[in-house]
1. Highest mean first, how do 34-44, 55-65 rank when packing is the count of other Cβ atoms within 10 Å averaged over residues?
2. Given Cβ point charges of +1 (Lys, Arg) and -1 (Asp, Glu) and nothing else, what value in debye, to the nearest 20, does the dipole of the chain about its Cα centre take?
3. Once amide H atoms are built 1.01 Å from N in the peptide plane, which residues 5 or more positions from residue 59, or in another chain, come under 5 Å H to H?
4. Return the distance in nm (one decimal) between the two label points of a simple spin-label model at residue 153 and residue 50, each offset 7 Å from Cα along Cα→Cβ.
5. R0 = 41 Å: FRET efficiency of residue 15 with residue 121, Cβ-based, nearest 0.05?
6. Output wanted: per-residue J couplings in Hz (rounded whole) for segment 112-118, from phi through Karplus 6.51 cos²θ - 1.76 cosθ + 1.60, θ = phi - 60°, x for Gly and Pro.
7. Restricting attention to segment 46-120, which trypsin sites (Lys or Arg not before Pro) occupy a DSSP loop and are surrounded by at most 16 other Cβ atoms within 10 Å?
8. Once each part is reduced to its C-alpha centroid, what is the distance from segment 93-154 to segment 45-78 in angstrom?
Amino acid sequence: MRTNVNGEWREADIWPGASLLTLLRDAFGLTGSKNACEQGECGSCSVWLDGELVCACLVLAAQAHDRQVRTVESVADGQRMSAVQDAFVEAGAVQCGFCTPGFVVAVTHLLAQDPNPNEVQVREALSGNICRCTGYAKILDAVTLAASRLREDR
Ligand code: FES
Ligand code: FES
């Protein structure tokens, strides 16, 4: 099968019943997307499939054939972190960091759609992402910080 990952066409010989998460991590070596629950509960494996946010653990690798996948590895600009990534670090929203790639993808997706979400909208958008460390307050601070920076840049 072949899939376009972060702008580059890649091929893999993989069991079609494997998940997109397995394809990304094991076949393509893109380990930014994390495997925490493998049942669509935690959001740590969030990626874009043809621009839509999905849990890579719930999508079959075969479903990504001839389609566009974007992962957390594409969020930074080379060595330069994105505004969302910077905000997570500055706000102290990262502890063990296992959930962070999923949050970064979800927040990046949210702010691309709505640059000025209110708190209810942020909580709703992040309701599929679980963090076991931070208590979420710092994550909400990071979203507010990233949103204000991105609005300033427009
Ligand atoms: S590993 Fe996919 S949602 Fe938890
Ligand atoms: S920072 Fe540890 S799970 Fe979120």
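Read the figures in this text as sums done on the coordinates, not as results from a lab. Remember, predicted model here, so these are calculated numbers, not experimental data. As a convention, Cβ positions derive from the backbone with ideal geometry for all residues, glycine included, and neighbour counts pool all protein chains shown.
1. 55-65, 34-44
2. So the magnitude is around 160 debye.
3. Amide H neighbours of residue 59: 20, 21.
4. Result: 2.8 nm between the two label points.
5. With R0 = 41 Å, the Cβ-Cβ based efficiency is 0.55.
6. Computed from phi, the couplings for segment 112-118 are 6, 8, 9, x, 9, x, 7 Hz.
7. The qualifying sites are 67.
8. Cα centres, segment 93-154 to segment 45-78: 18 Å.
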